Amino acid sequence: MSKSTISTFKLFEVFPNEETARKYLEDRLWPNGVKCPTCAGTERITTRKDGFYRCNPCQLDFTVRTGTIFGRSHIPLHKWIYAMYLVVTARKGISSMQLAKEIGVTQKSAWFMLCRLREACGSDDGRGKLQGVIEIDEVFIGGKDSNKHAHKREGRRGSKGKTAVLGLRERGGRTVAMPIGDRTIHTIQSEIHGAVEVGSTLYTDEAPAYADLNGLFFRAQSVNHSAGEYVKGSCHTNSIESVWAVLKRGIHGVYHQVSVKHLRRYVDEFTFRLNQGNVERHTFERLDSFIDAVVGKRITYKQVTA
């Protein structure tokens, strides 16, 4: 086993119960002492029992769960930590059915946990825009028309009836990806300008939406895939396409299908896992990054099912 990866057995040794998990979360989220989630105050806070605290100025009773993705959850915190461990270490993701078996909850509860965890994965890491050499490509997510019931078939082929996901991968750096409602030049180039630093070099395929990117803001080159050209000097999109390979294998092999409504969260999960370095960073470092992203990301069951 890699020296940067800990075993499940080791994780259970570190977090055997709710109390050890709560202490870990408090130390990570409140490094300078207990902090009120409403007024952010650290003074005049009274310690109560069972992990509760009271902010006397606000008259608020709170725990480390308050204002995070763990808010109002009755699932013990050490089970949450284990679920986070599985999300950051399972390269292609983990299904709600499997998570339910692993931690002893219902499939419905496991599904909602994963929705919350994916919501945290979409947190901005504060490192700003991508820069340097950026590979850009799109992938289409959706079932094959031939696999649908006869009354649902639309007689479409290729990308028709599917959702486009735009991806940008910084060579030697981060990946940013998001579903897009359409593939117009305005939509795609707006996302590029919002995610990439001016002066960067862009490598794309021959899609019309990228045709006029070379100019005032960026240096751009493309390869013509339709003509069998995949590499032109240092210009290629192989790195971003490898991201799509893992995403598709995860969707088809683990989740089987993903609705358009929740696709953004699934994309966020895969890019978060990639950006946190996979096995290049120690498991506890990846868990720390996950914990840092949970604040202010609480969603309700009504929100994800509405």
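The values are calculated or read from the model by the stated rules, or taken from the named source; none is laboratory data. A quick note: this is a predicted structure, and the numbers were derived from the prediction, not measured. As a convention, Cβ positions derive from the backbone with ideal geometry for all residues, glycine included, and neighbour counts pool all protein chains shown.
Here are the numbers for this structure:
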{"read-out": "Residues of the range 206-228 classified as within 23 Å of Arg264 (Cβ to Cβ) and either touching an Asp or Glu at 6+ places or on another chain (Cβ under 8 Å) or of a type in the set (Lys, Arg) (or both), total", "value": "1"}
{"read-out": "Set His74, His78: member being touching an Asp or Glu at 6+ places or on another chain (Cβ under 6 Å) and under 30 Å from Lys35 (Cα atoms)", "value": "His78"}
{"read-out": "Qualifying residue in the range 66-78 (condition: among the hydrophobic types (A, V, I, L, M, F, W, C), in the same structural domain as Thr300 (by TED's automatic domain parsing), under 22 Å from Thr8 (Cα atoms) and not in a loop (DSSP other than H, G, I, E, B))", "value": "yes"}
{"read-out": "Residues of the range 237-253 satisfying the condition of being among the polar types (S, T, N, Q) and touching a Ser or Thr at 6+ places or on another chain (Cβ under 9 Å)", "value": "Thr237, Ser239"}
{"read-out": "Which listed residue is touching a Pro at 6+ places or on another chain (Cβ under 7 Å) and not charged (D, E, K, R), from Cys55, Cys39", "value": "Cys39"}
{"read-out": "The range 169-185 residues that are farther than 20 Å from Gly122 by Cα, paired with ones that are of a type in the set (D, E, K, R) and in a strand (DSSP E or B) (beta carbon under 8 Å, 6 or more apart)", "value": "Arg171/Glu135; Arg183/Glu138"}
{"read-out": "Neighbours by Cβ (under 6 Å, 6+ apart or cross-chain): first from the range 276-292, surrounded by fewer than 15 Cβ atoms within 10 Å (Cβ to Cβ); second part of a loop (DSSP other than H, G, I, E, B)", "value": "Val279/Ser2; Val279/Ser4; Val279/Thr5"}
{"read-out": "Residue list for the range 1-28, restricted to those being farther than 22 Å from Thr89 by Cα and surrounded by 13 or more Cβ atoms within 10 Å (Cβ to Cβ)", "value": "Glu19, Lys23, Glu26"}
{"read-out": "Test: Arg171 is touching a helix residue (DSSP H, G or I) at 6+ places or on another chain (Cβ under 7 Å), farther than 21 Å from Lys129 by Cβ and not β-branched (Val, Ile, Thr)", "value": "no"}
{"read-out": "Subset of the range 167-200 that is outside any loop (DSSP other than H, G, I, E, B) and of a type in the set (Ser, Thr, Tyr) - its residue that is farthest from Gln276 (Cα to Cα)", "value": "Thr187"}
{"read-out": "Qualifying residue in the range 207-215 (condition: surrounded by 14 or more Cβ atoms within 10 Å (Cβ to Cβ), part of a strand (DSSP E or B), touching a helix residue (DSSP H, G or I) at 6+ places or on another chain (Cβ under 7 Å) and among the polar types (S, T, N, Q))", "value": "no"}
{"read-out": "Count of residues meeting criterion [in contact with a strand residue (DSSP E or B) (Cβ under 9 Å, 6 or more places away or on another chain) and among the polar types (S, T, N, Q)] in the range 181-219", "value": "5"}
{"read-out": "Unique match (being crowded, with 19+ Cβ neighbours inside 10 Å, assigned to a loop (DSSP other than H, G, I, E, B) and at positive phi) among Gly93, Gly51, Gly126", "value": "Gly93"}
{"read-out": "Top-ranked residue of the range 37-48 - restricted to ones that are part of a strand (DSSP E or B) and polar (S, T, N, Q), ranked as surrounded by the fewest Cβ atoms within 10 Å (Cβ to Cβ)", "value": "Thr47"}
{"read-out": "Residue that is farthest from Ser73 (Cα to Cα), among those in the range 102-123 that are surrounded by 21 or more Cβ atoms within 10 Å (Cβ to Cβ) and touching a Lys or Arg at 6+ places or on another chain (Cβ under 8 Å)", "value": "Cys121"}
{"read-out": "Residues located in the range 220-232, provided they are in contact with a strand residue (DSSP E or B) (Cβ under 8 Å, 6 or more places away or on another chain) and assigned to a loop (DSSP other than H, G, I, E, B)", "value": "Val223"}
